[in-house]
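Visitor: Following this message is one structure expressed as C-alpha coordinates.
The values are calculated or read from the model by the stated rules, or taken from the named source; none is laboratory data. Keep in mind the model is a prediction, meaning the values are calculated, not measured. Positions of Cβ are backbone-derived with ideal geometry, glycine not excepted, and every protein chain shown enters the neighbour counts.
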Amino acid sequence: MKLAARLLPLVALLSAPASAAEPPSPQQIRAFLAEYGTCVVKREPELAQKSVLSGASFSRDSAEGKRLMQRECLNEELLRNMADGFAGRLRMRFDEDTYRGVIAEALIGKTGSEVNQTALPAIPALSYEEPRPLRMVDRDGQAIPEESLARQRLAIARKTQAMLMGKLGECVVRADPAQSRAVMATAIDTPAELQALNALGPTLGQCVKAGETVALDRVSVRGALAIAYYRLSQAKPSGAIQ
(Lines give C-alpha, C1' and ligand atoms only; values in the text may rest on other atoms or scores of the structure.)
Protein backbone atom coordinates (compact mmCIF):
# COMPACT_ATOMS: atom_id res chain seq x y z
CA MET A 1 0.00 0.00 0.00
CA LYS A 2 1.42 3.34 -1.05
CA LEU A 3 0.22 6.69 0.21
CA ALA A 4 -0.77 9.37 -2.23
CA ALA A 5 0.43 12.92 -1.78
CA ARG A 6 -3.19 14.05 -1.27
CA LEU A 7 -3.48 16.23 1.80
CA LEU A 8 -6.11 17.27 4.32
CA PRO A 9 -9.36 15.71 3.09
CA LEU A 10 -11.07 16.86 6.29
CA VAL A 11 -10.35 20.56 5.83
CA ALA A 12 -13.35 22.63 4.85
CA LEU A 13 -12.44 25.68 2.82
CA LEU A 14 -15.34 28.08 2.48
CA SER A 15 -15.79 30.11 -0.66
CA ALA A 16 -13.81 33.30 -1.07
CA PRO A 17 -14.71 36.26 -3.29
CA ALA A 18 -13.53 36.13 -6.88
CA SER A 19 -11.09 38.94 -6.12
CA ALA A 20 -9.41 36.98 -3.33
CA ALA A 21 -5.84 35.79 -3.63
CA GLU A 22 -5.05 32.12 -4.00
CA PRO A 23 -6.03 30.11 -0.91
CA PRO A 24 -3.26 28.72 1.30
CA SER A 25 -1.49 25.72 -0.17
CA PRO A 26 -1.54 22.28 1.50
CA GLN A 27 2.07 22.88 2.52
CA GLN A 28 1.17 26.17 4.22
CA ILE A 29 -1.73 24.50 5.98
CA ARG A 30 0.49 21.74 7.32
CA ALA A 31 3.07 24.25 8.48
CA PHE A 32 0.32 26.15 10.28
CA LEU A 33 -0.89 22.98 11.98
CA ALA A 34 2.62 22.05 13.13
CA GLU A 35 3.12 25.53 14.58
CA TYR A 36 -0.25 25.33 16.28
CA GLY A 37 0.58 22.01 17.95
CA THR A 38 3.93 23.30 19.21
CA CYS A 39 2.32 26.48 20.55
CA VAL A 40 -0.47 24.69 22.44
CA VAL A 41 1.97 22.25 24.04
CA LYS A 42 4.14 25.16 25.14
CA ARG A 43 1.33 27.34 26.48
CA GLU A 44 -1.06 24.67 27.78
CA PRO A 45 0.99 21.52 28.46
CA GLU A 46 -1.47 19.81 30.82
CA LEU A 47 -4.51 20.56 28.68
CA ALA A 48 -2.60 19.50 25.56
CA GLN A 49 -1.87 16.17 27.22
CA LYS A 50 -5.51 15.80 28.27
CA SER A 51 -6.71 16.51 24.75
CA VAL A 52 -4.78 13.47 23.50
CA LEU A 53 -5.08 11.05 26.42
CA SER A 54 -8.58 11.51 27.76
CA GLY A 55 -10.31 13.98 25.52
CA ALA A 56 -10.83 17.71 25.87
CA SER A 57 -13.35 19.93 24.18
CA PHE A 58 -12.16 21.94 21.19
CA SER A 59 -15.43 23.86 21.11
CA ARG A 60 -14.91 27.60 21.43
CA ASP A 61 -18.02 27.62 23.62
CA SER A 62 -16.18 25.72 26.37
CA ALA A 63 -13.44 26.90 28.71
CA GLU A 64 -11.13 24.13 27.44
CA GLY A 65 -11.86 24.97 23.83
CA LYS A 66 -11.04 28.63 24.33
CA ARG A 67 -7.65 27.66 25.74
CA LEU A 68 -6.95 25.06 23.05
CA MET A 69 -8.03 27.42 20.27
CA GLN A 70 -6.47 30.54 21.74
CA ARG A 71 -5.57 33.30 19.36
CA GLU A 72 -1.90 33.24 20.36
CA CYS A 73 -1.57 29.79 18.77
CA LEU A 74 -3.60 30.45 15.64
CA ASN A 75 -2.10 32.03 12.58
CA GLU A 76 -4.69 34.74 12.02
CA GLU A 77 -3.14 35.71 8.70
CA LEU A 78 -3.60 32.21 7.36
CA LEU A 79 -6.98 31.55 8.93
CA ARG A 80 -8.55 34.89 8.14
CA ASN A 81 -6.65 35.95 5.03
CA MET A 82 -5.61 39.38 6.25
CA ALA A 83 -4.86 42.05 3.68
CA ASP A 84 -1.12 41.46 3.91
CA GLY A 85 -1.55 37.71 3.61
CA PHE A 86 -4.35 35.93 1.82
CA ALA A 87 -7.02 38.43 0.79
CA GLY A 88 -10.69 37.65 1.14
CA ARG A 89 -12.90 35.85 3.63
CA LEU A 90 -11.58 32.31 3.38
CA ARG A 91 -12.03 30.22 6.51
CA MET A 92 -10.51 26.87 7.38
CA ARG A 93 -12.03 24.26 9.64
CA PHE A 94 -10.38 21.06 10.81
CA ASP A 95 -11.77 18.00 12.55
CA GLU A 96 -10.70 17.57 16.17
CA ASP A 97 -8.43 14.60 15.47
CA THR A 98 -6.40 16.72 13.05
CA TYR A 99 -5.68 19.09 15.94
CA ARG A 100 -5.04 16.20 18.33
CA GLY A 101 -2.59 14.65 15.88
CA VAL A 102 -0.34 17.70 15.71
CA ILE A 103 -0.62 18.22 19.47
CA ALA A 104 0.35 14.59 20.07
CA GLU A 105 3.36 14.92 17.79
CA ALA A 106 4.43 18.12 19.55
CA LEU A 107 4.14 16.33 22.91
CA ILE A 108 6.29 13.47 21.63
CA GLY A 109 8.89 15.92 20.37
CA LYS A 110 8.95 17.92 23.59
CA THR A 111 8.98 15.03 26.06
CA GLY A 112 10.90 12.48 23.99
CA SER A 113 8.19 9.92 24.70
CA GLU A 114 9.05 6.37 23.68
CA VAL A 115 6.84 3.30 23.39
CA ASN A 116 8.20 0.40 25.41
CA GLN A 117 8.02 -2.40 22.84
CA THR A 118 8.65 -5.05 25.46
CA ALA A 119 5.69 -3.87 27.54
CA LEU A 120 3.32 -3.41 24.59
CA PRO A 121 1.72 -6.87 24.76
CA ALA A 122 0.68 -6.19 28.37
CA ILE A 123 -0.88 -2.80 27.59
CA PRO A 124 -4.66 -3.15 27.19
CA ALA A 125 -6.31 -2.04 23.99
CA LEU A 126 -6.96 1.69 23.93
CA SER A 127 -10.52 2.95 24.18
CA TYR A 128 -12.29 5.04 21.56
CA GLU A 129 -15.43 7.13 21.50
CA GLU A 130 -17.97 5.27 19.40
CA PRO A 131 -20.65 7.02 17.35
CA ARG A 132 -24.13 7.14 18.79
CA PRO A 133 -26.77 5.11 16.94
CA LEU A 134 -29.10 6.96 14.59
CA ARG A 135 -32.14 8.31 16.42
CA MET A 136 -35.29 8.08 14.33
CA VAL A 137 -37.67 9.64 16.86
CA ASP A 138 -37.32 12.47 19.38
CA ARG A 139 -38.01 12.34 23.12
CA ASP A 140 -41.71 12.80 22.49
CA GLY A 141 -41.82 9.87 20.12
CA GLN A 142 -42.21 12.06 17.04
CA ALA A 143 -40.41 11.20 13.82
CA ILE A 144 -37.24 13.25 13.34
CA PRO A 145 -37.24 15.27 10.09
CA GLU A 146 -35.07 14.00 7.24
CA GLU A 147 -32.87 17.11 7.40
CA SER A 148 -31.98 16.31 11.01
CA LEU A 149 -31.42 12.66 10.14
CA ALA A 150 -28.99 13.72 7.42
CA ARG A 151 -27.00 15.73 9.95
CA GLN A 152 -26.94 12.74 12.29
CA ARG A 153 -25.70 10.46 9.52
CA LEU A 154 -22.92 12.89 8.67
CA ALA A 155 -21.87 13.11 12.34
CA ILE A 156 -21.96 9.31 12.64
CA ALA A 157 -19.83 8.93 9.50
CA ARG A 158 -17.24 11.39 10.84
CA LYS A 159 -17.15 9.73 14.25
CA THR A 160 -16.87 6.29 12.65
CA GLN A 161 -13.98 7.46 10.46
CA ALA A 162 -12.22 8.94 13.49
CA MET A 163 -12.66 5.70 15.44
CA LEU A 164 -11.38 3.57 12.56
CA MET A 165 -8.35 5.83 12.07
CA GLY A 166 -7.63 5.69 15.79
CA LYS A 167 -7.70 1.90 15.83
CA LEU A 168 -5.64 1.78 12.65
CA GLY A 169 -2.99 4.00 14.22
CA GLU A 170 -2.89 1.82 17.33
CA CYS A 171 -2.58 -1.37 15.28
CA VAL A 172 0.31 0.04 13.24
CA VAL A 173 2.18 1.40 16.28
CA ARG A 174 1.82 -1.89 18.12
CA ALA A 175 3.07 -3.81 15.09
CA ASP A 176 6.00 -1.50 14.30
CA PRO A 177 6.64 1.17 16.95
CA ALA A 178 10.14 1.95 15.66
CA GLN A 179 9.03 2.76 12.12
CA SER A 180 6.02 4.66 13.45
CA ARG A 181 8.39 6.80 15.47
CA ALA A 182 10.63 7.20 12.43
CA VAL A 183 7.75 8.83 10.55
CA MET A 184 7.57 11.58 13.18
CA ALA A 185 11.31 12.15 12.90
CA THR A 186 10.89 13.31 9.29
CA ALA A 187 10.09 16.85 8.20
CA ILE A 188 6.60 17.34 6.79
CA ASP A 189 6.11 17.43 3.01
CA THR A 190 9.47 15.86 2.21
CA PRO A 191 10.45 12.77 0.24
CA ALA A 192 11.75 11.35 3.53
CA GLU A 193 8.29 11.62 5.06
CA LEU A 194 6.63 9.84 2.15
CA GLN A 195 9.33 7.17 2.17
CA ALA A 196 8.89 6.58 5.91
CA LEU A 197 5.11 6.36 5.55
CA ASN A 198 5.33 4.02 2.58
CA ALA A 199 7.66 1.78 4.58
CA LEU A 200 4.63 1.18 6.79
CA GLY A 201 2.52 0.24 3.75
CA PRO A 202 2.42 -3.52 4.42
CA THR A 203 1.58 -2.94 8.09
CA LEU A 204 -1.14 -0.46 7.18
CA GLY A 205 -2.59 -2.98 4.77
CA GLN A 206 -2.65 -5.66 7.45
CA CYS A 207 -4.28 -3.30 9.94
CA VAL A 208 -7.19 -2.31 7.70
CA LYS A 209 -9.84 -4.91 8.45
CA ALA A 210 -11.93 -6.50 5.74
CA GLY A 211 -15.00 -4.43 4.99
CA GLU A 212 -13.58 -1.22 6.46
CA THR A 213 -13.06 1.87 4.35
CA VAL A 214 -10.64 4.54 5.51
CA ALA A 215 -9.22 7.54 3.65
CA LEU A 216 -5.44 7.46 3.94
CA ASP A 217 -3.14 10.39 3.22
CA ARG A 218 -0.04 11.84 4.83
CA VAL A 219 -1.87 14.05 7.31
CA SER A 220 -4.44 11.55 8.54
CA VAL A 221 -1.96 8.67 8.86
CA ARG A 222 0.75 10.74 10.53
CA GLY A 223 -1.81 12.18 12.94
CA ALA A 224 -3.23 8.76 13.78
CA LEU A 225 0.26 7.39 14.39
CA ALA A 226 1.15 10.34 16.64
CA ILE A 227 -2.00 10.01 18.74
CA ALA A 228 -1.63 6.24 19.14
CA TYR A 229 2.11 6.46 19.80
CA TYR A 230 1.72 9.06 22.53
CA ARG A 231 -1.22 7.25 24.15
CA LEU A 232 0.65 3.95 24.18
CA SER A 233 3.81 5.62 25.50
CA GLN A 234 1.82 6.87 28.49
CA ALA A 235 -0.25 3.72 29.07
CA LYS A 236 0.48 1.30 31.90
CA PRO A 237 0.71 -2.49 31.42
CA SER A 238 -2.02 -4.57 33.06
CA GLY A 239 -1.22 -5.10 36.72
CA ALA A 240 1.22 -2.21 36.87
CA ILE A 241 1.02 0.15 39.83
CA GLN A 242 -0.59 3.41 38.74
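Visitor: Of all residues in the range 192-242, which are of a type outside the set (A, V, I, L, M, F, W, C), assigned to a helix (DSSP H, G or I) and closer than 20 Å to Gly112 by Cα?
Guide: Filtering the range 192-242 down to residues of a type outside the set (A, V, I, L, M, F, W, C) leaves 193, 195, 198, 201-203, 205-206, 209, 211-213, 217-218, 220, 222-223, 229-231, 233-234, 236-239, 242.
Those still in the list that are assigned to a helix (DSSP H, G or I) too: 193, 195, 198, 201-203, 205-206, 218, 220, 222-223, 229-231, 233-234.
Of everything in the range 192-242, those that are of a type outside the set (A, V, I, L, M, F, W, C), assigned to a helix (DSSP H, G or I) and closer than 20 Å to Gly112 by Cα turn out to be Glu193, Arg222, Gly223, Tyr229, Tyr230, Arg231, Ser233, Gln234.
Visitor: For the list (1) under 30 Å from Leu204 (Cα atoms); (2) polar (S, T, N, Q); (3) surrounded by fewer than 16 Cβ atoms within 10 Å (Cβ to Cβ), I need the number of the one condition that Gln142 fails.
Guide: (1)
Visitor: Out of all the residues in the range 24-52, which are without any contact (Cβ under 8 Å) to a residue 12 or more places away in the chain and either buried (at least 18 other Cβ atoms within 10 Å of the Cβ) or under 19 Å from Asp217 (Cα atoms) (or both)?
Guide: Across the range 24-52, the qualifying residue is only Ser25.
Visitor: Do you know which of the residues in the range 118-153 that are of a type in the set (S, T, N, Q) and modelled with pLDDT of 90 or more is farthest from Gly37 (Cα to Cα)?
Guide: Going residue by residue through the range 118-153, those that are of a type in the set (S, T, N, Q) are 118, 127, 142, 148, 152.
Next, from what is left, pick out any that are modelled with pLDDT of 90 or more: 118, 127.
Values: Thr118: 29, Ser127: 23 Å.
Top of the filtered list is Thr118.
Visitor: Follow-up question, since we're still on this one. Would you point out which residue out of Val208, Val183 is farther than 25 Å from Ala31 by Cα, touching a residue at least 40 places away in the same chain (Cβ under 8 Å) and hydrophobic (A, V, I, L, M, F, W, C)? Break it down stepwise before answering.
Guide: On the way: Val183 fails: farther than 25 Å from Ala31 by Cα.
The conditions single out Val208.
Visitor: Scan the range 143-156 and give yes if some residue there is part of a helix (DSSP H, G or I) and closer than 29 Å to Gln27 by Cα, otherwise no. If you could, list the steps in order and put the result at the bottom.
Guide: Step one: list which residues in the range 143-156 are part of a helix (DSSP H, G or I), which gives 146-156.
If we keep only those that are closer than 29 Å to Gln27 by Cα too, we end up with 154-155.
Yes, that holds for at least one residue.
Visitor: Among the candidates Ala178, Ala104, single out the residue that is part of a helix (DSSP H, G or I), surrounded by 18 or more Cβ atoms within 10 Å (Cβ to Cβ) and modelled with pLDDT of 90 or more. Can you show your working first?
Guide: Numbers: Ala178 fails: surrounded by 18 or more Cβ atoms within 10 Å (Cβ to Cβ).
Matching residue, one of Ala178, Ala104: Ala104.
Visitor: Go through the range 121-170 residue by residue and tally those that are aliphatic (A, V, I, L, M) and within 25 Å of Ala104 (Cβ to Cβ). Working first, answer last.
Guide: Step one: filter the range 121-170 for residues aliphatic (A, V, I, L, M), giving 122-123, 125-126, 134, 136-137, 143-144, 149-150, 154-157, 162-165, 168.
Next, only the ones that are within 25 Å of Ala104 (Cβ to Cβ) stay: 122-123, 125-126, 155-157, 162-165, 168.
Residues meeting the conditions: 12.
Visitor: If I go through the range 1-49 residue by residue, how many of them are in a loop (DSSP other than H, G, I, E, B) and at pLDDT below 90? Before you say what the answer is, go through the steps one by one.
Guide: The first filter runs over the range 1-49 and keeps only residues in a loop (DSSP other than H, G, I, E, B), leaving 1-11, 14-25, 44.
Keeping just the survivors that are at pLDDT below 90 gives 1-11, 14-25.
Here the count works out to 23.
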